[in-house]
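S.K.: Please see the structure below; I have some questions.
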Amino acid sequence: MKILVINAGSSSLKYQLFDMESGDVLVKGLCERIGSGGEITHKRPNSEPYKTEAEFPTHEEALAMVLDLLVSKEYGFIESIDEIDAVGHRIAHGGEKYKQSTPIDDEVIAYLETIVPINPLHGPPAIKGMKACKRLMGNVPQVGVFDTSFYSNMEDFRTIYPIPYELYEQYKIRRYGFHGTSHRYVSAKAAEIVGKPIEELKIVTCHLGNGSSITAVDKGIAIDTSMGFTPQEGVPMGTRSGSIDPTVIPYIMKATNMNADEIEDLLNRKSGLLGVSGISNDNRNVAKAANEGNYRAGLAIKMLINSIKKIVGSYVAELNGIDVLVFTAGIGENDKNLRQKVCADMDFFGIKIDEELNNKGEINISAKDAKVQTLVIPTDEEYMIALDTAKFCKE
Ligand code: AMP
């Protein structure tokens with residue numbers, strides 16, 4: 001069985017073709033600058049990437065080129081588009097309706113269109129991707145895999161904000177959570193690694209990348225997560241502030257005459273590691289400057305570490321314990337210093353890592369006498385999407 005996974009962004013379209021029998025990625029690539037020119041990078045394993053300029057006025061032209069490449073003699077892997085059994089779409093927001101991955105039909109697309117106001121950045125490109133697939137691939141089954149659906153069992157007292165309840169009723173302002181596909185993947189993998197059924201485990205998963213979120217998983221069910229109404233809430237990120245006192249926002253607006261769009265831009269694109277350090281949104285650059293003694297870079301890194309510790313600690317309280325702590329994504333998988341500092345002085349919770357294992361980049365970095373298993377697990381959202389999509393093909 002072959003599954004094509006598509007992740008459509010505002011001006012980009014990522015794709016991976018999986019062989020589900022072996023779990024291998026047959027080809028993957030990225031279309032960029034959709035709507036303002038175009039460029040495609042297409043890669044098969046063990047060969048140099050094919051990169052070329054193209055003209056993509058819309059996502060549909062980009063997808064058409066991807067499909068052409070997939071069947072091309074030189075760069076492809078299949079003889080005909082009919083060999084693709086299904087398409088899995090990464091969809092950031094499923095609103096309150098989609099509590100699990102769902103086959104896409106007109107009704108699903110119509111619902112996703114109604115929730116564009118609460119998903120203005122990711123909703124429109126995802127819808128364009130689904131519509132383009134339908135036009136270009138006819139009746140090939142399509143499945144939507146929603147980042148929010150892992151959080152659909154979160155209880156109301158964890159999702160409703162303490163603001164007038166009518167705002168939830170009227171505008172659906174509540175916490176939804178994001179990165180769910182990644183947290184779902186690594187929590188399942190963590191159970192596999194420690195060799196216990198997930199139903200017996202209390203897991204805290206830290207997805208730390210350019211965007212970061214932390215999730216508490218009880219018996220396989222996400223009970224709380226750090227991102228909320230948007231991916232802005234929680235820990236400080238590359239360019240996003242994470243949680244701040246909400247009154248700071250009107251105060252800045254009044255003091256600087258910023259309008260709503262400008263303050264949103266400030267909190268989304270000019271804050272976090274970039275805003276505090278003044279150097280970069282990239283953790284590697286900020287960590288390097290911090291090591292060289294740059295005060296603001298050091299401050300940004302300390303803030304990030306402290307924020308992760310606070311959220312992990314609060315989830316241990318909510319879970320009434322912790323069996324497994326997981327680090328994943330760009331920072332979580334690669335930054336051993338950050339992992340070491342997050343886990344330092346957490347022995348009260350039973351969290352203790354082995355410095356040598358951590359430095360060597362092992363999967364299980366727990367100290368021998370630690371009660372909690374601390375794991376570093378590379379995330380694979382695309383494979384999770386392919387697995388979900390394949391389930392619908394078999395049924
Ligand atoms: P992601 O969004 O998951 O791709 O993660 C991107 C983040 O991971 C960036 O802030 C990178 O600086 C960070 N990152 C990637 N590799 C490393 C590394 N070797 N050491 C520290 N941070 C890293």
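The values are calculated or read from the model by the stated rules, or taken from the named source; none is laboratory data. Here the structure is a predicted model, which means the values were calculated and not measured. Here Cβ is always computed from backbone atoms with ideal geometry, including for glycine, and neighbour counts include all displayed protein chains. These accessible areas exclude ligands, DNA and RNA; they are computed on the full protein's heavy atoms, side chains included. Shrake-Rupley method; radii C 1.70, N 1.55, O 1.52, S 1.80 Å.
S.K.: Can you tell me which residues in region 79-123 are over 23 Å from the mean Cα position of the chain (by Cα), in a helix (DSSP H, G or I) and surrounded by fewer than 13 Cβ atoms within 10 Å (Cβ to Cβ)?
M.R.: ASP82, ASP106, GLU107, ALA110
S.K.: Go through the residues of region 226-248 one by one and say whether even a single one is open to solvent by 10 Å² or more (accessible area, probe 1.4 Å), free of Cβ contacts under 8 Å to residues at least 12 places away in the same chain, more than 24 Å from GLY330 (Cβ to Cβ) and among the acidic types (Asp, Glu).
M.R.: Among the residues of region 226-248, at least one is open to solvent by 10 Å² or more (accessible area, probe 1.4 Å), free of Cβ contacts under 8 Å to residues at least 12 places away in the same chain, more than 24 Å from GLY330 (Cβ to Cβ) and among the acidic types (Asp, Glu), which makes the answer yes.
S.K.: For ILE193, are the conditions met, namely being crowded, with 24+ Cβ neighbours inside 10 Å, over 27 Å from LEU112 (Cα atoms) and away from the ligand (no atom under 16 Å from the Cβ)?
M.R.: no
S.K.: State whether one or more residues within region 354-365 are within 11 Å of the ligand (Cβ to nearest atom), assigned to a helix (DSSP H, G or I) and of a type in the set (Gly, Ala, Ser).
M.R.: Scanning region 354-365, I find no residue that is within 11 Å of the ligand (Cβ to nearest atom), assigned to a helix (DSSP H, G or I) and of a type in the set (Gly, Ala, Ser), so the answer is no.
S.K.: Can you tell me which residues in region 319-330 are under 15 Å from the mean Cα position of the chain (by Cα) and open to solvent by 20 Å² or more (accessible area, probe 1.4 Å)?
M.R.: Of everything in region 319-330, just one residue is under 15 Å from the mean Cα position of the chain (by Cα) and open to solvent by 20 Å² or more (accessible area, probe 1.4 Å), namely GLY330.
S.K.: Just for region 308-353: of the residues that are among the polar types (S, T, N, Q) and more than 22 Å from ARG184 (Cα to Cα), which one is farthest from the ligand (Cβ to nearest atom)?
M.R.: GLN340
S.K.: Within region 269-291, how many residues are on the phi < 0 side of the Ramachandran plot and more than 15 Å from the ligand (Cβ to nearest atom)?
M.R.: 1
S.K.: Also: Find the residue count for region 366-383, including only residues that are within 16 Å of the ligand (Cβ to nearest atom) and open to solvent by 60 Å² or more (accessible area, probe 1.4 Å).
M.R.: Total meeting the criteria: 1.
S.K.: Do you know which of the residues in region 201-225 that are without any contact (Cβ under 8 Å) to a residue 60 or more places away in the chain and more than 14 Å from the ligand (Cβ to nearest atom) is most open to solvent (accessible area, probe 1.4 Å)?
M.R.: Only one residue fits best here, namely LYS219.
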